[in-house]
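Participant: The structure's right below; bear with me while I get my questions together.
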Amino acid sequence: MDLAFTKEEQAFREEVRQFFRDNVPPETRRKLVEGRHLSKDEMVTWWRILNKKGWGVSHWPTQYGGTGWTSVQHYIFNEELQSYPAPQPLAFGVSMVGPVIYTFGNEEQKKKYLPRIANVDDWWCQGFSEPGSGSDLASLKTKAERKGDKWIINGQKTWTTLAQHADMIFCLCRTDASAKKQMGISFIVFSMKSKGVTVRPIQTIDGGVEVNEVFFDDVEVPYENLIGEENKGWDYAKFLLGNERTGIARVGVSKERIRRIRDLASKVESAGRPIIQDPAFREKLAACEIELKALELTQLRVVADEGKHGKGKPNPASSVLKIKGSEIQQTTTELLMEVIGPFAAPYDVHGDDGSNEAMDWTAQIAPSYFNNRKVSIYGGSNEIQRNIIAKAVLGL
Ligand SMILES: Cc1cc2nc3c(=O)[nH]c(=O)nc-3n(C[C@H](O)[C@H](O)[C@H](O)COP(=O)(O)OP(=O)(O)OC[C@H]3O[C@@H](n4cnc5c(N)ncnc54)[C@H](O)[C@@H]3O)c2cc1C
């Protein structure tokens, strides 16, 4: 297998890079570099710029607005996007529900939802997890009962990312309580503005609010909002989760963070010399970079093998990408904490007694470190990924 990029691919990389240089709002980029949260407006503004260029839903089939790029071009695009860095397209719409709709939805649903997803006219959120049904997702209890031409939905979802911004939700609901647990689930989409939907924020350890509890109390949803067949929702969820895990390696994000570690470690001093000159620190950084290189090569192998596991079926190696990608992301945030040492936890960034020289840029490093504990949990925890590898790859 040839891992070198062709001249055309290198030219494509340069074109993508130049587009980001010319079009990503500088304030948006700065916030991402510093690990800060973006506002809804900042994200939507950028996604619309991307969509106008024709790159908003790049991996979709061309008839729905995709680019027709090769797998290698997609790989390059994502790497450049993450490492520039620029906000990634809203995964809930573009990578999750969009592909489910164009693969399993009917023509009317495709016409109604896909263009709005591409232009983020609707902000989507993912209603899968429930209290007690995270890893054991198939045990979910949120119930959708058919009454004439409507579903009546009751139950609770949790950890629903950015539901406070959402216009639409895609939900796994139990529609046949008598069937085996995986068989009685349906995939239903509906408006978050529906009567009976309540969103309650969950404060995370970094002080942010990016996850929520969502309650459904006799929510009326048109029957036609069912995607695919009734009671086949588990199949669509597996398809969706496989796609989620492939995107989760985030090689470009870790590359950008390593650049930042190198930059800061060359400036911040410890024991009279820049930290980058400390042999113990260098060893840790090198180990992290080697792991990242191995992850990158594994991802390229997955890219090269795309399609070999059956149409629309994700490569089981996506679980490996999820585990290693999340571990490396966490290591990079640990190294950043190590670089800034005591400035990671200033109690007063602007203290005037001279005892605290913390700068504004250090203030975000500890919250970002804590926030990144999530990456080994969401998208299916790393323990669950190991179980998948044991079954699907090793046949245990
Ligand atoms: C920041 C964040 C954002 C999220 N966003 C969303 C979202 O938008 N929409 C959504 O639907 N969900 C979302 N989730 C939920 C996420 O998918 C679940 O948290 C995850 O699947 C784990 O489920 P749980 O939290 O219920 O933990 P549990 O399933 O209770 O697991 C607890 C611990 O036990 C381990 N464990 C459980 N079962 C096994 C087993 N069989 N073998 C070995 N170990 C096991 C787990 O690995 C974990 O360490 C998000 C989660 C986080 C942290």
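The values are calculated or read from the model by the stated rules, or taken from the named source; none is laboratory data. Just so it is clear, the model here is predicted, and its values are computed rather than measured. So basically every Cβ, Gly included, is an ideal-geometry build from the backbone, and we count neighbours across all protein chains shown. Accessible surface is based on the protein model in full, side chains and every heavy atom, while ligands, DNA and RNA are left aside. Shrake-Rupley method; radii C 1.70, N 1.55, O 1.52, S 1.80 Å.
Participant: Among the residues of region 183-206, which ones are open to solvent by 50 Å² or more (accessible area, probe 1.4 Å), in a loop (DSSP other than H, G, I, E, B) and touching a helix residue (DSSP H, G or I) at 6+ places or on another chain (Cβ under 8 Å)?
Facilitator: Scanning region 183-206 gives Met183, Ile205.
Participant: Related question: For region 197-211, how many residues meet the condition of being near the ligand (Cβ under 10 Å from one of its atoms) and either outside the structural domain of Gln164 (by TED's automatic domain parsing) or without any contact (Cβ under 8 Å) to a residue 60 or more places away in the chain (or both)?
Facilitator: 2
Participant: Let me ask something else. Out of curiosity, is Leu172 in a helix (DSSP H, G or I), within 16 Å of the ligand (Cβ to nearest atom) and in contact with a helix residue (DSSP H, G or I) (Cβ under 9 Å, 6 or more places away or on another chain)?
Facilitator: no
Participant: I'd like the full set of residues that are assigned to a helix (DSSP H, G or I), free of Cβ contacts under 8 Å to residues at least 24 places away in the same chain and farther than 30 Å from Phe5 by Cα, limited to region 269-305.
Facilitator: Ile276, Gln277, Pro279, Ala280
Participant: Is at least one residue of region 135-145 open to solvent by 60 Å² or more (accessible area, probe 1.4 Å), within 16 Å of the ligand (Cβ to nearest atom) and small (Gly, Ala, Ser)?
Facilitator: For region 135-145, residues open to solvent by 60 Å² or more (accessible area, probe 1.4 Å), within 16 Å of the ligand (Cβ to nearest atom) and small (Gly, Ala, Ser): present.
Participant: Yes or no: Gly155 within 16 Å of the ligand (Cβ to nearest atom), over 30 Å from Gly56 (Cα atoms) and at pLDDT below 95?
Facilitator: Criteria not met by Gly155.
Participant: Can you name every residue in region 30-40 that is closer than 22 Å to Val97 by Cβ and outside any loop (DSSP other than H, G, I, E, B)?
Facilitator: Lys40
Participant: Scan Met359, Met337 and give me the residue that is at pLDDT 75 or above, open to solvent by 10 Å² or more (accessible area, probe 1.4 Å) and more than 16 Å from the ligand (Cβ to nearest atom).
Facilitator: That would be Met337, the only listed residue that is at pLDDT 75 or above, open to solvent by 10 Å² or more (accessible area, probe 1.4 Å) and more than 16 Å from the ligand (Cβ to nearest atom).
Participant: Considering only residues of region 362-382 that are free of Cβ contacts under 8 Å to residues at least 60 places away in the same chain and under 18 Å from Ala249 (Cβ atoms), which is most open to solvent (accessible area, probe 1.4 Å)?
Facilitator: Residue satisfying both the conditions and the ranking: Ile377.
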